[in-house]
Amino acid sequence: MNSKTYPIICTRGVIVFPGQELVIDVGRANSLKAIENAQDNYNDRICMFTQSNMNADNPGEDDIYKVGVLCEIRHIRRFEKFLRIKFRGIERVKLDSFEEGNLSELCQVTMMPSQRQNEMEESVLVRMVAQAFENMRPGEKFMSKDLMMELTKGIQPDALTDKAVQLFSLPIERKQQYLETTGINDRLTMLLEDIEKEKQLTEVEKRINETVKDRIDQNQKDFYLREKISALQEQLNDGSLPGKEGDQIRKRLAENPYPESIKAKVLEELTRYENLPMASGETGTIKTYIDWLMDLPWWQHTDDNEDLEKVKEVLEEDHFGLEKVKERILEYLAVKQNTNSLKAPIICLAGPPGVGKTSLAKSIARALDRHFVKMSLGGVRDEAEIRGHRRTYLGALPGRLIQGMKKAKVINPVFLIDEIDKMASDIKGDPSAAMLEVLDPEQNAFFSDHYIEEPYDLSKVLFIATANYLENIPAALRDRLEIIELSSYTDVEKIHIAKDHLIPKQLKENGLTPEQLIIPDDMILYLIRYYTREAGVRQLERTIASLARKTILAILKDKKEKIVIDKDLIKEWLGNEKVDYGKKEMEDQVGTVTGLAYTSFGGDILQIEANKFDGKGVLILTGQLGDVMKESATIALDYIHANANRYGISKKVFGKTDIHLHVPEGAIPKDGPSAGITMTTALTSLLTGIPVKANLAMTGEVTLRGNVLPIGGLKEKSLAAYRSGITTIIIPKGNVKDLDEIPQEVKDAVNFIPVSKVDEVLANALVSPLTPIEEKDEPETKEKSKEADA
Ligand code: ADP
């Protein structure tokens, strides 16, 4: 036997494999002695064996494994109580015997070199090991960057296992098995087994981790939900237990004269409510519905003031003028009172903005001692806005009518339906159908709202509708309305309204006394004419409000005692004049005529301009013209063409001139035939070169034969003309009857000229008379007529 003698050292839990290095702290006396011996006498060689019995402090023969490693001591660092030594493994050795039977001394060992086995098998195994390493993910237990590096560089198979095993955290018994195995293929196989086992362990570990995590998550979730439920329950129990609440509702039902059908409905819903689990999403919806049913007025009402004299007083107090309107309102109320009939039609106050429609309705409510509510129909295009959504609809609510009734708190308020002419209809249903039901006294005792479900009685409500433009109210609706028209105010009326109502109101609102702000009459007129151009007094009211606010500032800041408004102050506080009153029409002009229009903002003036240039006889129309207006333009031109020579115009002109007619754009599109005579006059003036008189306006439809037909809205149109400083208006004879309606103030300032023929219009409008010409027919035209004869 090739036995050799070396000093011996025993380790606990570590093995240095051949070819590998390892640092071990050595402190036991015997071990220190052996190290010394190795350094001194054995050329730094020492044999290292691992204890099989970890507990032995002075291990004997039975306490150690019999295969160890011959090592070289590479480096020593001395510490106070131990040496830190770097060993390098050289060769596996088998322990043969101890000299003198003492482990601290020397041992005899035989070398155990690694054995190569089947080479093909070896290369397959190496490949498999390399593959197994490659498949490992970073962070897995056997993964080692060092090893991977060496593998790629190409490592000897025996070194491979020794290196791998030393790096891996295998149990010491298993490491010892590697040490005792000399067959390289055997060791590679063991390594594959260990890697596979480790993989499985990792999988299992992962599974266990996941299960544990799931369990924790589920537990946490359960806990959270339980907490939440109990919190919700606490909230519900907080004085609003369904039982308790249900009792309150039952009590309210018993004590009040709700209609039987409503009582039954509420009780039915209440039972459903109480039987639902508290956390059910439906309870809220049912509760809201019950609240709506209970809160709507079913019997509550106010007592009407039946004294019509008093009603009259209130109406007079709140509004200046409007005599006819107030009279009609009083008549209406008298009839209603007298017959106590539900059949009276609903009144509709119609007129331009700012003439007091809303404030009249409020005043009626005040006069009758009734509550006042308002619903605007402007832009409503969906029937559901009036009739509500069915309860199955998410977030459903009653329609605006029922909402208004809830706000009114009584069954007999004055209910203002604002802008009934601005309702639109589309695919979502026709809101006017719902309004028909509301406004029909025969039907509105059983008004049905989709949400409320139970019929609701609207017959005690005093409905008042308002509209700007009657034409826009659907015909069926208009039939049910008793229209009371309010028209624009004249300057004098406006001054009165300002003095008696608007100024006192603004003084009060701004906490001023009548002595502190003085607006003389001529300044009110100045404001009306140069800072507002409107049918009503809304803008005027705003202007006065603005003056009142500036006054407060002047009094507080500049320590003024009182403010007397004059032109300079108005200019300083409100800026330059906003409207050029009566200035546009100062000069006589060719081809420009002032027409009069009737719009939803009241009357308005519009300039019609005509121009011509060389061309082929085309009529160009631009501006805000509707179809009817375009037709009027064609009729006007045809009429002039037919009568050209009589008017002193050569017919040749029409073939070689393009004519451009323009209606300047206002804010509102205008349409209607009433600009007929205006266009005819503009064209005649243009083609004859004779100017049109200044400060003149006209309105009237024209026919192909030159007749002037009556038009609508004369009152509004006259007021608009008057507002603009016009002094003469040419009107159709057929409208003379309407002059009765026109305020005396306007008639005093404006000269109305009734006409029935275009010739009369031109005679009055143009600054000089027309001179007829004689003109032979064009040869071209002759040819044509010959052909026609043949
Ligand atoms: P509308 O509803 O017709 O558009 P409002 O009722 O809102 O007009 O009236 C605008 C303002 O003008 C209100 O402050 C109103 O009191 C006032 N007003 C209108 N006409 C008169 C009048 N004849 N007498 C007193 N104040 C009036």
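The values are calculated or read from the model by the stated rules, or taken from the named source; none is laboratory data. What you see is a predicted model; the values in this text were computed from it and never measured. In this analysis, Cβ positions are derived from the backbone assuming ideal geometry, glycine residues included, and neighbour counts consider all displayed protein chains. Keep in mind that these areas ignore ligands, DNA and RNA; they rest on the heavy atoms of the full protein, side chains included. Shrake-Rupley method; radii C 1.70, N 1.55, O 1.52, S 1.80 Å.
Can you pull a Stokes-Einstein diffusion coefficient for the chain at 10 °C (1.306 mPa s), Rh from Kirkwood over Cα pairs, as a whole number of µm²/s?
42 µm²/s
Give me the percent of the accessible area of the chain that comes from carbon and sulfur atoms, probe 1.4 Å, all protein chains in place.
Result for the chain: 49 percent of the exposed heavy-atom area is carbon or sulfur.
Which value, in Å², gives the accessible area per residue of the stretch 4-111 when a 1.4 Å probe is used on the protein heavy atoms?
Normalised by residue count, the accessible surface of the stretch 4-111 is 50 Å².
If one computes the Cα centroid of the stretch 497-534 and of the stretch 28-105, what distance in Å separates the two points?
If you average the Cα positions of each part, the centres end up 119 Å apart.
Given the alpha-carbon gyration tensor of the stretch 45-136, what are the semi-axes of its equivalent ellipsoid in whole angstrom, ordered largest first, with each equal to the square root of 5 times an eigenvalue?
Each semi-axis is √(5λ); the values are 32, 19, 14 Å.
Measuring from label point to label point, each 7 Å out along Cα→Cβ, what is the residue 324 to residue 338 span in nm?
Output for this residue pair reads 2.1 nm.
Note the per residue figure in Å³ for the convex hull of the C-alpha positions in the stretch 308-485.
Spread over its residues, the Cα hull of the stretch 308-485 gives 108 Å³ apiece.
Could you list log10 I(q)/I(0) for the stretch 242-295 at q = 0.26, 0.28, 0.30 Å⁻¹, which the Debye formula gives when each Cα is one point scatterer?
For the stretch 242-295 at q = 0.26, 0.28, 0.30 Å⁻¹, log10 I(q)/I(0) is -1.06, -1.20, -1.34.
Spelling out what I want: for every residue of the stretch 488-496, take phi, set θ = phi - 60°, compute 6.51 cos²θ - 1.76 cosθ + 1.60 (Karplus), and round to whole Hz; glycine and proline get x.
For the stretch 488-496, the Karplus curve yields 4, 9, 7, 4, 5, 4, 4, 4, 4 Hz.
Residue by residue, what Karplus-based ³J(HN,Hα) values in Hz, rounded to whole numbers, does the stretch 705-715 have, using 6.51, -1.76 and 1.60 with θ = phi - 60° and x for Gly and Pro?
Ordered by residue, 3J(HN,Hα) equals 9, x, 8, 10, 9, x, 10, x, x, 4, 4 Hz.
What angle do you read, to the nearest 10 degrees and between 0 and 90, between the alpha-carbon axis of helix 260-275 and the longest principal axis of the chain?
Helix 260-275 sits roughly 10 degrees off the main axis of the chain.
If I model a spin label at residue 448 and residue 651 as a point 7 Å from the Cα along the Cα→Cβ vector, what separation in nanometres do I get?
Distance between the two pseudo-spin positions: 6.9 nm.
Once amide H atoms are placed 1.01 Å from N in the peptide plane, what residues at a sequence separation of 5 or more from residue 20, or on another chain, have their amide H within under 5 Å of its amide H?
89
State log₁₀ I(q)/I(0) for the stretch 524-565 at q = 0.33, 0.34 Å⁻¹ as given by the Debye formula over alpha-carbon point scatterers of equal weight, solvent excluded.
Each listed q corresponds, in turn, to -1.09, -1.12.
Would you please name the chymotrypsin sites (Phe, Trp or Tyr not before Pro) within the stretch 278-344 that are DSSP coil residues with at most 13 other C-beta atoms within 10 Å of their C-beta?
Hits after loop and neighbour filter: 299.
Mind listing the long-range amide H neighbours of residue 578? Cut-off is under 5 Å, sequence gap 5 or more, other chains count too, H placed in the peptide plane at 1.01 Å from N.
531
Could you list log10 I(q)/I(0) for the stretch 491-574 at q = 0.12, 0.23 Å⁻¹, which the Debye formula gives when each Cα is one point scatterer?
For the requested q values the scattering log ratios are -0.30, -1.14.
Using θ = phi - 60° and the Karplus form 6.51 cos²θ - 1.76 cosθ + 1.60, what ³J(HN,Hα) does each residue of the stretch 732-745 get, whole Hz, x for Gly and Pro?
Calculated HN-Hα couplings, in order: x, 4, x, 9, 4, 4, 6, 4, 3, 6, 7, x, 4, 3 Hz.
Can you give me the Cα centroid spacing of the stretch 396-466 and the stretch 728-779 in angstrom?
Spelled out, the Cα-based centre of one part sits 48 Å from the other.
Going down the list 175/206; 312/560; 251/336; 508/578, which pairs span over 31 Å between their C-alpha atoms?
Exceeds cut-off: 312/560; 251/336.
Could you list the square roots of 5 times each eigenvalue of the Cα gyration tensor of the stretch 527-671, that is, the equivalent ellipsoid semi-axes, sorted largest first and rounded to whole Å?
Computed over the stretch 527-671, the values are 48, 16, 11 Å.
Provide the per residue accessible area, probe 1.4 Å, for the stretch 242-295, rounded to a whole number of square angstrom.
54 Å²
What distance in nm separates the simple spin-label points at residue 274 and residue 306, each placed 7 Å from Cα in the Cβ direction?
That separation, rounded to one decimal, is 4.4 nm.
Check residue 107: other-chain or 5+ apart residues with amide H under 5 Å from its amide H, H built from backbone geometry?
Placed amide hydrogens put 6, 8, 99 under 5 Å from residue 107.
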